[in-house]
Amino acid sequence: MYLLRLALASLANRRFTAFLTAFAIALSVCLLLAVERVRTEARASFASTISGTDLIVGARSGSVNLLLYSVFRIGNATNNIRWESFEHYASDKRVKWAIPISLGDSHRGYRVMGTDARYFEHYQYGRKQNLQLAEGRAFASDPFEVVLGAEVADALHYKLGDKLVLAHGVAAISLVKHDDKPFTVVGVLQRTGTPVDRTLHISLGGMEAIHIDWHNGMPARGAGRISAEQARNMDLKPAAITAFMLGLNNKVATFSLQREINDYRGEPLLAILPGVALQELWSLMGTAEQALFVVSLFVVLTGLIGMLTAILTSLNERRREMAILRSVGARPWHIAGLLVLEALALALAGIVAGLGLLYAGIALAQGYVQANYGLLLPLAWPSAHEWALLGIILGAALLMGSVPAWRAYRQSLADGLSIHL
Amino acid sequence: MSQALIELTDLGFAWPGQAPLLDIPALRLDAGESLFLKGPSGSGKTTLLGLLGGVQKPDRGSIRLLGQDLSELKLAARDRFRVDHTGYIFQQFNLLPFLSVRENVELPCRFSRSRAQRAAERHGSIDQAAASLLAHLGLKDPALLARRADSLSIGQQQRVAAARALIGQPELVIADEPTSALDADTREAFIRLLFAECRAAGSSLLFVSHDQSLAPLFDRQLSLAELNRAAQPGNDLEA
């Protein structure tokens with residue numbers, strides 16, 4: 001105990017260096033834990049981008065590709081599927097609900113998705129949460145109504161009643177616009193932290209209406225054009241959609257229905273289980289996540305090496321301290337113990353301060369991160385995994401502290417009682 | 001005749017790879033005696049003190065402290081033996097600057113149970129022992145005890161170092177040029193205080209210095225250069 005008192009008093013005497021050393025460790029510990037929390041949460045949040053949906057069905061391609069365009073609005077479908085195929089499965093006895101999705105247009109870089117009222121009723125994300133309207137209402141019978149995702153509304157400063165024009169295709173700058181048929185904002189969804197926030201939702205009828213006078217990917221000219229008013233009075237039942245989502249009455253039927261859809265004779269279809277495809281996708285991104293973790297581990301190592309350097313540098317100027325201690329009866333192992341305790345005290349101070357920084361940071365950034373990235377960083381007590389990491393850091397500090405301890409041990413044996421000026 | 005406290009016999013020592021530094025046929029210090037050992041720097045005096053402290057082992061011959069041959073003890077036992085029976089005062093900067101005056105004085109009691117016991121037996125408690133020793137050495141102000149050691153003047157620091165060497169009544173006090181940082185007036189006063197306290201504690205004093213003017217104050221004086229055959233000019237030439 002007295003050794004600890006000596007170690008702390010000696011550290012306090014070098015408080016500026018000690019503070020910086022502990023601070024460097026604190027920052028690195030904070031970074032490691034922050035990365036760890038974001039990683040855990042990002043994985044959980046990624047896995048909950050979509051929930052409650054048992055199968056996603058699209059044209060035959062790859063499962064990750066289908067997941068990317070249908071859920072994450074990344075990339076494009078290789079092919080459309082026929083409306084009849086959707087109706088065939090939507091009316092299947094095993095199916096509780098079905099949501100059609102039609103993609104392909106955009107608005108200032110944000111994707112437009114055609115769907116119908118079932119989307120707002122059944123689509124779920126996170127822990128089985130339904131979509132909620134922040135203001136306004138869902139689109140109704142008029143085809144030229146749009147419901148915005150939260151981020152779209154925020155970023156482009158749209159409010160209810162605003163008119164906007166959709167662009168053909170998904171390029172950020174599109175030369176071909178559906179400017180003859182503007183849409184009215186009727187609703188804005190609450191933030192979900194999922195790709196829904198970055199989507200403009202229109203009805204399938206609206207999607208059909210803006211393409212009704214198009215042939216071979218180009219709008220008709222002159223007399224061939226159909227005005228918005230004319231379109232309103234036409235039959236806007238789509239001939240094709242991009243994909244659809246299914247919720248089943250009984251989860252047990254998922255695999256048999258998946259097999260059935262994959263063998264569908266009408267056209268080549270692909271049905272995927274969102275959970276499995278998400279896993280596949282995450283394993284692709286896992287490398288980056290691992291890299292981040294490894295980098296933060298190295299930052300911790302750097303912090304500890306900083307400590308090692310600080311202690312080693314101090315050894316020479318503390319030979320007098322050691323000699324005095326030897327002259328009053330301290331054994332060489334006391335001197336070694338003093339340095340190990342010093343390293344432990346620094347690491348412990350760093351860890352405690354690092355935890356403090358982490359919690360302060362989480363408390364400050366929690367709201368912002370959740371609003372903007374959909375990540376709920378919990379202000380929770382460290383998990384078993386985090387405790388283990390902290391334990392490893394302390395162990396590494398102990399190991400590193402034994403280096404100057406060994407040197408001081410040798411030094412104090414050699415120096416004995418002679419005081420070097 | 002009183003009991004021998006230190007008894008060196010036919011001592012030889014050389015640092016590895018160097019010429020013999022010490023070759024002392026005999027040196028003896030009696031209990032309660034004060035001995036002035038004159039040694040200019042480089043005469044092997046620091047090495048001799050290291051040998052007496054059991055930090056180094058002699059190549060040849062024996063060192064007996066209180067009848068105990070230091071060479072027969074293991075390293076840890078020598079360390080314990082040293083602190084139990086010897087108090088040290090160095091040239092200057094004797095104190096740990098980050099501890100209070102009181103804590104500095106009490107340091108030997110933290111590492112030696114027998115000195116802690118003796119201090120407590122004589123003065124009631126270790127704290128009282130420290131306060132009483134400091135008071136005898138002219139540091140009477142109780143507020144001073146709590147001050148950081150490096151806030152004191154050099155002269156005061158040396159007196160604190162003396163109190164530390166004397167706490168728990170070690171049989172031997174070794175002082176290595178303790179007065180070289182003091183001016184002439186305080187020098188003699190310091191030595192008289194040291195004598196008085198050594199006498200009160202029953203400690204022998206081995207005082208090493210190159211300052212011949214202090215020698216008459218001691219019971220006995222020796223010159224390391226004369227004592228040490230390895231330091232004689234003839235040997236130098238051979239080496």
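The values are calculated or read from the model by the stated rules, or taken from the named source; none is laboratory data. Owing to the predicted nature of the structure, the values given are computational and were not obtained by experimental measurement. In this analysis, Cβ positions are derived from the backbone assuming ideal geometry, glycine residues included, and neighbour counts consider all displayed protein chains.
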Filter result for A:E135 (in a helix (DSSP H, G or I) and acidic (D, E)): no
May I ask you to list the residues in region B:1-58 that are touching a residue at least 12 places away in the same chain (Cβ under 8 Å) and polar (S, T, N, Q)? B:S2, B:Q3, B:T9, B:S34, B:S41, B:S43, B:T46, B:T47, B:Q56
Being within 15 Å of B:F90 (Cβ to Cβ) and of a type in the set (S, T, Y) is the filter; apply it to region B:25-46 and report the residue that is modelled with the highest pLDDT. B:T46
For region A:206-256, give me each residue that is touching a Lys or Arg at 6+ places or on another chain (Cβ under 6 Å) and not small (G, A, S). A:I210, A:D213, A:L248, A:N249
Go through A:A44, A:A34 for me and flag whichever is more than 14 Å from chain B (Cβ to nearest Cβ) and surrounded by fewer than 16 Cβ atoms within 10 Å (Cβ to Cβ). A:A44
Can you name the number of the only condition in (1) surrounded by fewer than 19 Cβ atoms within 10 Å (Cβ to Cβ); (2) modelled with pLDDT of 90 or more; (3) among the hydrophobic types (A, V, I, L, M, F, W, C) that B:L73 fails? (2)
Anything in region B:65-107 that is over 13 Å from the mean Cα position of the chain (by Cα) and among the hydroxyl-bearing types (S, T, Y)? List them, or say none. B:S71, B:S100
Does A:R265 satisfy the criteria of being over 32 Å from the mean Cα position of the chain (by Cα) and either within 14 Å of another protein chain (Cβ to nearest Cβ) or within 30 Å of A:T78 (Cβ to Cβ) (or both)? yes
Complete set of residues in region B:105-118 that are under 17 Å from B:P178 (Cβ atoms) and either more than 9 Å from every other protein chain (Cβ to nearest Cβ) or part of a loop (DSSP other than H, G, I, E, B) (or both): B:V105
Checking A:A90 against (1) at pLDDT 90 or above; (2) among the hydrophobic types (A, V, I, L, M, F, W, C); (3) surrounded by fewer than 20 Cβ atoms within 10 Å (Cβ to Cβ); (4) under 30 Å from A:W381 (Cβ atoms), which single condition isn't satisfied? (4)
Only residues that are more than 9 Å from chain A (Cβ to nearest Cβ), touching a strand residue (DSSP E or B) at 6+ places or on another chain (Cβ under 9 Å), aliphatic (A, V, I, L, M) and not in a strand (DSSP E or B): list them for region B:36-90, please. B:L48, B:L51, B:L52, B:L66, B:L70
When every residue in region A:266-305 that is assigned to a helix (DSSP H, G or I) and β-branched (V, I, T) is compared, the one farthest from A:L344 (Cα to Cα) is A:V276
Note: among A:T17, A:T53, A:T49, A:T21, just one is assigned to a helix (DSSP H, G or I) and more than 14 Å from chain B (Cβ to nearest Cβ), namely A:T21
Could you tell me how many of the residues in region A:165-196 are assigned to a strand (DSSP E or B) and either exposed (fewer than 14 other Cβ atoms within 10 Å of the Cβ) or at pLDDT below 90 (or both)? 3
Expected output for region B:101-125 (first residue touching a residue at least 12 places away in the same chain (Cβ under 8 Å), partner surrounded by fewer than 22 Cβ atoms within 10 Å (Cβ to Cβ) and of a type in the set (D, E, K, R), Cβ below 6 Å, 6+ apart or cross-chain) is B:V101/B:R147; B:S112/B:D84; B:S114/B:D84
From A:N130, A:N79, residue being surrounded by fewer than 20 Cβ atoms within 10 Å (Cβ to Cβ), under 27 Å from A:F183 (Cβ atoms) and free of Cβ contacts under 8 Å to residues at least 12 places away in the same chain: A:N130
Only listed residue being of a type in the set (G, A, S) and under 21 Å from B:G32 (Cβ atoms), chosen from B:A165, B:A143, B:A131: B:A165
Kindly establish whether B:H136 is more than 21 Å from A:L417 (Cα to Cα), in contact (Cβ under 8 Å) with a residue 24 or more places away in the chain and either away from chain A (no Cβ under 12 Å) or surrounded by fewer than 22 Cβ atoms within 10 Å (Cβ to Cβ) (or both). yes
Contacts under 6 angstrom Cβ, first residue in region A:311-331 being within 8 Å of chain B (Cβ to nearest Cβ) and at positive phi, partner polar (S, T, N, Q) and not in a helix (DSSP H, G or I), 6 or more apart: A:G329/B:S112
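Suppose the filter is outside any strand (DSSP E or B) and of a type outside the set (G, A, S); does A:V38 pass it?
Numbers: outside any strand (DSSP E or B): yes; of a type outside the set (G, A, S): yes.
Criteria met by A:V38.
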For B:E121, the lone unmet condition from (1) among the acidic types (D, E); (2) within 10 Å of chain A (Cβ to nearest Cβ); (3) loosely packed, with under 15 Cβ neighbours inside 10 Å is (2)
Of all residues in region A:271-296, how many are surrounded by 19 or more Cβ atoms within 10 Å (Cβ to Cβ) and farther than 30 Å from A:A98 by Cβ? 1
Looking only at region A:50-79, which residues are under 22 Å from the mean Cα position of the chain (by Cα) and among the small types (G, A, S)? A:S51, A:G52, A:S63, A:S70, A:G75
Scope region A:236-265; condition in contact with a helix residue (DSSP H, G or I) (Cβ under 9 Å, 6 or more places away or on another chain) and assigned to a loop (DSSP other than H, G, I, E, B); matching residues: A:L236, A:K237, A:P238, A:A239, A:T242, A:Y264
Would it be correct to say that A:L413 is touching a Ser or Thr at 6+ places or on another chain (Cβ under 9 Å), farther than 22 Å from A:G306 by Cα and within 14 Å of another protein chain (Cβ to nearest Cβ)? no
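Take the conditions modelled with pLDDT under 90 and closer than 15 Å to A:G329 by Cα and apply them to B:S112. Does it pass? Outline the logic, then answer.
Working: modelled with pLDDT under 90: yes; closer than 15 Å to A:G329 by Cα: yes.
Yes; evaluated as a whole, the condition is true for this residue.
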Can you tell me which residue among A:L364, A:L399, A:L394, A:L312 is surrounded by fewer than 18 Cβ atoms within 10 Å (Cβ to Cβ), under 30 Å from A:D154 (Cβ atoms) and at pLDDT 85 or above? A:L364
Does at least one position in region A:300-310 carry a residue that is within 18 Å of A:D415 (Cα to Cα) and more than 14 Å from every other protein chain (Cβ to nearest Cβ)? no
